[in-house]
Each structure stands twice: as C-alpha cells, then as structure tokens.
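Undergrad: The structure that follows is given in the form of structure tokens.
The values are calculated or read from the model by the stated rules, or taken from the named source; none is laboratory data. None of the values given here were measured: they were computed from a predicted structure. All Cβ positions, even for glycine, are placed from backbone atoms using ideal geometry, and neighbour counts span all protein chains on display.
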Amino acid sequence: MTRERRLHEFLPAAQDTAEEFILEAFLDWVTGTGLEPYPEQETAILELLAGHHVVLSTPTGSGKSLVALALHFQGLCEGRRSFYTAPVKALVSEKFFQLCEQLGAERVGMLTGDASVNPGARVICCTTEVLANMALRAGEDTDAPYVVLDEFHYYGDRDRGVAWQVPLISLPRTLFLMMSATLGNTAAIEERLRAYTGREVVHIHSDERPVPLDFSYRETSLHETIQELHEGGRAPIYVVGFTQRACAELAQGLTSLSLCGREEKRHLAGLLGDFRFDTPYGKDLKRILGHGIGVHHAGLLPRYRLLVERLAGKGLLSVICGTDTLGVGVNIPIRSVLFSGLSKYDGEKVGILTARDFKQIAGRAGRKGFDDRGSVVCQAPEHVVINKRLAEKASRGGKAPRKKSPPRGFVAWNQKTFDDLVSRAPEPLTSRFQLSHGMLLALLQRPPGGSYRDVISTISRCHERERGKRRLRVDAATLLRSLRRAELVEVTKSSEVGARLQVAEELQSDFSLHQTLSLYLVEALTALDPDAPSYPLEVLSLVEAIQDDPRPILNAQTRKARDELFARLKAEGVEYEERIRRVQEVSYEQPEATFIAESLALFAASHPWVDARDARPKSIARALFESYRGFVDYVSEYSLARCEGLLLRYLSQVHNTLVKTIPDDYKTEGIYDAIAFLRTLLRIDDSLMEAWQDLAEPGDIDEAEPAPDAPFDLAQHPAALRARARSELLALVRALAQGDFEEALTLFRHDPAQPWSAGEIEESLAPYFERYGEILFTPEARQAHQSQLSAEGSRFWRVSQVLVDPEGDRLWALHGEIDLRDAHDPQGPLFTLRRIGP
C-alpha cells in the first residue's frame, strides 16, 4: 500500500517564490490525497497567490482549512512566516497538530499565552490576542507576512472583537485570509482594509453546503431523543449543553443506554489502557469513554479534551456531550447536532442564542465523504416534555395533572424560535475597538521609539465612526495620565526629538497590563513591605483579587467550610436553627480583603472608570502555595473533579500575572518561589509539548528554529533558578512521601544512559523505609536549607535534597544535577536524578 505523501515533501529544496511552482506543487499534493477542490477553494488560492486579501465566507465543511494550508505552504516555499489564529486554545492546538502532521513538526510552533511550543517556527498557531499584542508592540515591523484570521465573525464580539481588528489596522504589509461560515456583510471592513494596505480584497461567498442539513424539533425526553437518533443511524451525535455540569451529568446518565456494542467496548478498552488517567476526574472519564460516550468542554484538562477529539476523529464515540466549543471550529466529525436548549448565559444575562451562534454550532453536522446529510435537532424544554406526557396520560382517563413549572429565570423557546434561527441571517458585524492600559504600553514600546503619536494614529485607523474616535482619544489621555502616575510611563527630553513618552526602562521586556485591574496591582505593591515574611502571600492575594472568579471552585470552598463548621457546631451541641444561621454567614476565604477594598477605593478615586467593587479577593493559588499541596490533592480535597481544566487555567493565569505584571523590582526570592511552585503544578498537563515531540523526529526538534527574541536564561537569574529547583525537588519529595513512584518518574529529567523505573526508585528507598518508615513532608522538610545547589562552572550544579525522617537523622538525600550548558530555560524538569541514598 502506497503511503500518502505529506505536504512538506512537496517543498522545494531551496526557496522558490514562483507563483507557478507553488500552485503546481500544492495541487499535485491535493491530487495525491484524492481531494478535488471546490471552485471557491480554487478561486481563493489563486487570489492569495496573486497577492490579494481574501474574505472566505463559505459553510462549515466546505474546505476553508485547505485554503489556509495553501497560504502556509506559500510562506514556506518563500521562506517567509505565516500565522494561523483562532479564538480558543482548543482550536489552536487542534490546528497546530494538523499542521505539524502536514508541514513537519519542526516547521510549526504554537503560542497561546499559556503554552509555548517551538516559538521560532516558520508557521505559528496562536490565539488572535497573541498576534494582536505582537502587532501592537511591533506595528508594521511585525514579522507576519501571511496571516489566517479564522472564526473572523469574532470581529463583532463585545469583549474580544478588538483583537480581530488590531492586525487589520497595524500590519499594512501583511496578506490576510479571513474565514468564517457566518460572516454576513463585511463590505465596510473590506473597504477600510483595501485603503490601508493598498491591496485588493476579494470576498468569496457561497451558501452551498457539501452535505445538506435536515432540521427537526423533538418533544420526547432527551434520553429518548438520543436513543432514537442512535437507532436511526444518526450517530455520532454531539449533544450541545451550555454548562459544564450539565454535560458531565448527561454523559454519566447516558452510560445506562446501549450506545456501544461489546466489540466496540473491547476495542476502546484496549486503546484507553495505557493512557494516563491520573486525576480524580480521569477515572470517571475513562469509564464514560468505555461506553462510547465523550465529554468535551473547557473544564477538562487539555490532555483529556485532546483524547476525546482523537477518539471522535476515529469514529469511536457514538455520543459527545459538550458545550458550544463545537461552534468555534473544533473539528469533531459528527452526523447529528442535538441542541439540549436554545438559551444560554452570555456573561450578563440568559438569552436566546444569536443566529450566528446557532448557525456556527448547527453547521458542524454532516461529514463530507461519510454522510449524505447532516441532522440538526432541537430538544423542547424539559417541563414542556413532562407536561405533554402528563396531558397524554390524562387524555387516557387519568386524573388531570398539575403542570410542571419552568425553572426560575427560565428563558423559553419553542419550535417557532427554532425555525426562526434556522432561517435568519447572521447579525451584522460591528466594530468593537476599545483601549486599555496594556494596549497603550504595547504601543509605547514600539521600536525604535514608540510614542503617543502611535496611539493617536492607531485610533485614527480603527474602524469606529468619528464620534467613537473622539471618545477613544479622550480615553487614551485618561489612561495615559494613570500610567504616568504609576511611573510606568515617563517623559524624556532630547535635543533631537524633544519631549516624548516612553515606558520606564526598568520594566521587564514582557511586562503587560492585560487584566482590567493590572495597574491597580502595580500601584498596590508600593504599599507592601518586601522584607516582611508575609510579602509573597500578600502579593499572591493581590494577584488573585484581579482575576475573574472561578465560581465552581469558590463554591466548593464555601461548601467545604460550611460542612466543617456545621459538623463542629453539632458536636458542640449548638441548636439546629443557630447552626443554620451561623453556617449561612460563612463564605470562601478572602485574605487581605480589607487592605484590597481600601486600596482599591483610593485607586478608584483617581481612576474614574474603575469600580471599587471590581476586586474579587480569594485564596486558591495562595492556599496551595501556603500548604504546598499538589494539584490532585487539591482537586480531591474540594471535590473538583469536573473542574480540573478550570483550576489549571486559573492557576496558569495567576502564574502569568506574577511573571508579566509584577515588575522585576518587586520580585523577591519568595515571589520566585511562588512562580516556581505554580510552574511545577502546571506540569500536571504537558500534553501539548509531549504530543509535539511525538510528532517530530529526534533530529527535527534539534533543527527547530529558535524563538526570535532572546530567551530567558535561568543561569543568569540565580534566585529564579534556586526557586524552580526547590519547587521541583519538593514536588518529587511529596510524591515519594506518598509512595507514588509512577508520579515521581514524571518529576525529574531522565538521562537515557541511566534510565529510572518506578520499581528502581522503590528499591532504592527500601532500606530507608525499613529504617524510618516514612518520609516527612512537613513545613520543616520544606525549608530552604534542605535543598542544596553547588555550582561547578557557570552552567552546571550538583544538587542534593535532604529526605527528612521522623528521627531527625537527615542522612538520606536525593542526589543529582542541573545542567544548563545546552539550554537556557528548559520546558520540563531541571533536575536529573542520579541516586537516592546517604
């Protein structure tokens, strides 16, 4: 059997910018895959090769990704960089792996703000905000000759639309491919882009779907509807829910249905056998997947989402219960989309889906080459289904039932609502340009010397009307004054250019102010005492106060605190009514709440756009750091199995804020300890880096291009090195203390010449446990002097970590090394374990 050739095999030996070669080579590859391009695809590829911007507005499944792939191929042939951008990290990572497969892993990198893989590659997959920030900082000097803006309908998003507009008004030399299945009229956007870049803009539109859709409305129970669709040959089915909890509960409930045959279950069990389900929800997910049922939402760890997508891609899942992440292009092949409802919470209120959101989700039904049609089904509200069944029972002579009422705050829908959404066109795209402190700082950092003129010219090019631009100029002046008060921006004078604004020189190069209250955080730091023992915890509290509340986690904290108080009061004999009253007064922990409230009130007095109630004190990262708990331990303690992904994402945001928003002058050794601790916690999911390394040949990784900016060098930052080493060593000690030797294997760097196994670790520790019984992981065991680093040259350290025993002998230790002679800031562990013993 002939192996299908990958696209990178068609690249020229040397750079070739000839349009004819690029087109011929790409079409040769397309022919070899057995695909036949649609007319819209061919037209789009030709227009891009001719140097024209393309707006590609065709239905889901019509091959927009093939056009994007052609643009990346063009960039590689010419030796130029290309970007693929999308709104959600799940879609970015999916495209990343697809492009790695076709273009070669060494040529593809990813940047999402949380993850960085091969950042110096020729092809970069990133969230749109990442590209927008690059464009703000570097302007027309940004190395982005070719850009794919996927899901371009986000241009009209109230909160995030500015990120889709910034590249269009900042990168005049870039060739853009803008894609979406639900664009609507974009004539005004096209005209502005044409005027700014001097390139022609071609809009390619089609409503013709490769696989037609049928639509139906059901008044049976949700389980009955799923069973009927499955028995009618309409699986795989994606059941759309609008809360993560609803998706998880439905998936659990569906395991009682017969959706998967015995042979299919056996096959799934074989595939899942070696996968690492080592978190609390992993055990539940493994059982659910074993029934041919998937779960897909942002609350899952990335590696679990990736597993579900891979199983679905192989056609092994009959039903997937997920949120509307499906509507932003995650490529899960399905035959039927089943809406469990038509109303959702949009961040402010519950309302009926927009026509655009509905069509984005519905359009995923039907797979070219597999289905002759796709099915879109809408479920009637649960109380309507129940009342219909009760009425039918009454019509057969039963007693007239009492009707079931809808839930409080319910927003109703019916078949007419569904039919209207099917027939209605997507809403018009509206400019959502807005300024922030972070944007101003980025513009002022433009080389060779950003100035306020860059801010004003950006406003003048934005797509707002003149009235909106006047408002933006006033906003810019107000934001700038606050940056000057915080001494983040200063006025400099020179005989050549006179007075100009510039960002304070002492700020780190990746300093950012992208949270709403970031500037408040920087100002509040000045009121803290860096020499106080509590300083790192106080800083963590400030950082957590400016993050959005991860509600399910805070609810779990409140529930646990109330349960503990109730049990204690009951044991003390307190009356039931008094117990209830006192328990209701308990909430989650909010350290430094008084200081935060008072300091924010002062800040708000001179920053009128800030609401003094915007701060949200909480203790998640702080509580973890204070007790040095592990990720899995915390999930288990608060029963957060269904929120593991949410916890990971929240901790990542806290980590990034500590790194990028706390000025280096305020980073003490304790702050570096907190940063290192969180970094170690976040390694609970290294799926993206591991999967990339699996795709790349060993030599390919060595050949991957370096990041364009000088990397952070741990060897030049002793405090950061010590903190990271200690954090890794303590995580390893905790795993050994718990007897989790499989987990311990993941916590240090392995030398291929001296591999370790879980059995070898256990064998090495056997004499210790025979003598002492246990390894202590107490506050004393975590003290800094238990970790020793001894430098041998400028980039090599001998390392030992004392294992504290109950008798206080302290004779045993972990012995190894840290070698940075060939690395600056390794992604994985630093410490290489050599031996365990006295």
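Undergrad: Take the residues of region 434-462 that are outside any helix (DSSP H, G or I) and within 12 Å of V166 (Cβ to Cβ): which is modelled with the lowest pLDDT?
TA: Residues of region 434-462 that are outside any helix (DSSP H, G or I), as a first pass: 434-436, 445-451, 462.
Pick out the ones that are also within 12 Å of V166 (Cβ to Cβ) and you get 434-436, 462.
Values: Q434: 93, L435: 92, S436: 89, C462: 97.
Here the residue is S436.
Condition check ((1) within 29 Å of S652 (Cβ to Cβ); (2) among the polar types (S, T, N, Q); (3) in contact with a Gly (Cβ under 8 Å, 6 or more places away or on another chain); (4) assigned by TED's automatic domain parsing to the domain that holds D673) across all residues:
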position	(1), (2), (3), (4)
A532	yes, no, no, yes
I553	yes, no, no, yes
Q557	yes, yes, no, yes
A593	yes, no, no, yes
A605	no, no, no, yes
R622	yes, no, no, yes
G630	yes, no, no, yes
Y634	yes, no, no, yes
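A quick yes/no check of all residues on (1) touching a residue at least 60 places away in the same chain (Cβ under 8 Å); (2) outside the structural domain of S652 (by TED's automatic domain parsing); (3) more than 22 Å from R234 (Cβ to Cβ); (4) not in a strand (DSSP E or B):
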residue	(1), (2), (3), (4)
G294	no, yes, no, no
L306	yes, yes, yes, yes
L311	no, yes, no, yes
C321	yes, yes, no, no
K344	yes, yes, yes, no
E348	no, yes, yes, yes
R356	yes, yes, yes, yes
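Undergrad: In this structure, does L111 turn out to be in contact with a Pro (Cβ under 9 Å, 6 or more places away or on another chain), buried (at least 22 other Cβ atoms within 10 Å of the Cβ) and free of Cβ contacts under 8 Å to residues at least 60 places away in the same chain?
TA: Working: in contact with a Pro (Cβ under 9 Å, 6 or more places away or on another chain): yes; buried (at least 22 other Cβ atoms within 10 Å of the Cβ): yes; free of Cβ contacts under 8 Å to residues at least 60 places away in the same chain: yes.
So L111 passes the test.
Undergrad: Also: For L285, indicate whether it is part of a loop (DSSP other than H, G, I, E, B) and either surrounded by 22 or more Cβ atoms within 10 Å (Cβ to Cβ) or among the basic types (K, R) (or both).
TA: Working: part of a loop (DSSP other than H, G, I, E, B): no; either surrounded by 22 or more Cβ atoms within 10 Å (Cβ to Cβ) or among the basic types (K, R) (or both): yes.
So L285 does not fit the description; no.
Undergrad: Considering region 342-380 alone, what residues qualify as being within 24 Å of R408 (Cα to Cα), polar (S, T, N, Q) and crowded, with 23+ Cβ neighbours inside 10 Å?
TA: Q379
Undergrad: All but one of (1) closer than 23 Å to A737 by Cα; (2) in contact (Cβ under 8 Å) with a residue 60 or more places away in the chain; (3) among the hydrophobic types (A, V, I, L, M, F, W, C) hold for L624, so report the exception by its number.
TA: Among (1) closer than 23 Å to A737 by Cα; (2) in contact (Cβ under 8 Å) with a residue 60 or more places away in the chain; (3) among the hydrophobic types (A, V, I, L, M, F, W, C), L624 violates only (2).
Undergrad: Which one of E544, E538 is crowded, with 16+ Cβ neighbours inside 10 Å, in contact (Cβ under 8 Å) with a residue 60 or more places away in the chain and within 33 Å of the chain's Cα centre (by Cα)?
TA: Values: E538 fails: in contact (Cβ under 8 Å) with a residue 60 or more places away in the chain.
Among E544, E538, only E544 is crowded, with 16+ Cβ neighbours inside 10 Å, in contact (Cβ under 8 Å) with a residue 60 or more places away in the chain and within 33 Å of the chain's Cα centre (by Cα).
Undergrad: More than 32 Å from the chain's Cα centre (by Cα), of a type outside the set (K, R), closer than 30 Å to D141 by Cβ and not in a loop (DSSP other than H, G, I, E, B): does that describe V385?
TA: Numbers: more than 32 Å from the chain's Cα centre (by Cα): yes; of a type outside the set (K, R): yes; closer than 30 Å to D141 by Cβ: no; not in a loop (DSSP other than H, G, I, E, B): yes.
Against the criterion (more than 32 Å from the chain's Cα centre (by Cα), of a type outside the set (K, R), closer than 30 Å to D141 by Cβ and not in a loop (DSSP other than H, G, I, E, B)), V385 does not qualify.
Undergrad: Let me ask another. What number goes with the only condition from (1) within 13 Å of G322 (Cα to Cα); (2) modelled with pLDDT under 90; (3) aromatic (F, W, Y) that F277 does not pass?
TA: Status for F277: all satisfied but (1).
Undergrad: In region 131-152, what count of residues is obtained for those that are assigned to a helix (DSSP H, G or I) and without any contact (Cβ under 8 Å) to a residue 40 or more places away in the chain?
TA: Residues of region 131-152 assigned to a helix (DSSP H, G or I): 131-141, 152.
Then drop every residue that is not without any contact (Cβ under 8 Å) to a residue 40 or more places away in the chain, which leaves 132, 134-135, 140.
Number of matching residues: 4.
Undergrad: Does region 153-160 include one or more residues that are among the acidic types (D, E), in contact (Cβ under 8 Å) with a residue 12 or more places away in the chain and more than 19 Å from S431 (Cβ to Cβ)?
TA: Applying the first criterion (among the acidic types (D, E)) to region 153-160 yields 157, 159.
Among the residues that remain, those that are also in contact (Cβ under 8 Å) with a residue 12 or more places away in the chain are: 157, 159.
After this cut, where a residue has to be more than 19 Å from S431 (Cβ to Cβ) as well, the list is none.
Checked region 153-160: no residue is among the acidic types (D, E), in contact (Cβ under 8 Å) with a residue 12 or more places away in the chain and more than 19 Å from S431 (Cβ to Cβ).
Undergrad: Report those helices (runs of 4 or more DSSP H) wholly inside region 702-813 carrying at least 3 residues which are of a type in the set (G, A, S), loosely packed, with under 15 Cβ neighbours inside 10 Å and at pLDDT 90 or above. Please lay out each step first, then the result.
TA: Details: elements: 718-737, 741-745, 758-772.
The helices (runs of 4 or more DSSP H) meeting that bar are 758-772.
Undergrad: Here's a follow-up. Within region 306-338, can you find the residues that are within 16 Å of K368 (Cα to Cα) and modelled with pLDDT of 85 or more?
TA: The answer is A312, G313, K314, G315, I334, R335, S336, V337.
Undergrad: Test Y576 against the stated conditions and say whether it is surrounded by fewer than 22 Cβ atoms within 10 Å (Cβ to Cβ), touching a residue at least 40 places away in the same chain (Cβ under 8 Å) and aromatic (F, W, Y).
TA: On the way: surrounded by fewer than 22 Cβ atoms within 10 Å (Cβ to Cβ): yes; touching a residue at least 40 places away in the same chain (Cβ under 8 Å): no; aromatic (F, W, Y): yes.
It is false that Y576 is surrounded by fewer than 22 Cβ atoms within 10 Å (Cβ to Cβ), touching a residue at least 40 places away in the same chain (Cβ under 8 Å) and aromatic (F, W, Y).
Undergrad: Further, regarding this structure: Within region 601-621, identify whether any single residue is in contact (Cβ under 8 Å) with a residue 40 or more places away in the chain, under 22 Å from L640 (Cβ atoms), of a type in the set (K, R) and in a loop (DSSP other than H, G, I, E, B), and answer yes or no.
TA: Yes, region 601-621 contains a residue that is in contact (Cβ under 8 Å) with a residue 40 or more places away in the chain, under 22 Å from L640 (Cβ atoms), of a type in the set (K, R) and in a loop (DSSP other than H, G, I, E, B).
Undergrad: Restricting attention to region 724-747, does a residue exist that is farther than 23 Å from L624 by Cβ and touching a residue at least 60 places away in the same chain (Cβ under 8 Å)?
TA: Looking through region 724-747, none of the residues is farther than 23 Å from L624 by Cβ and touching a residue at least 60 places away in the same chain (Cβ under 8 Å).
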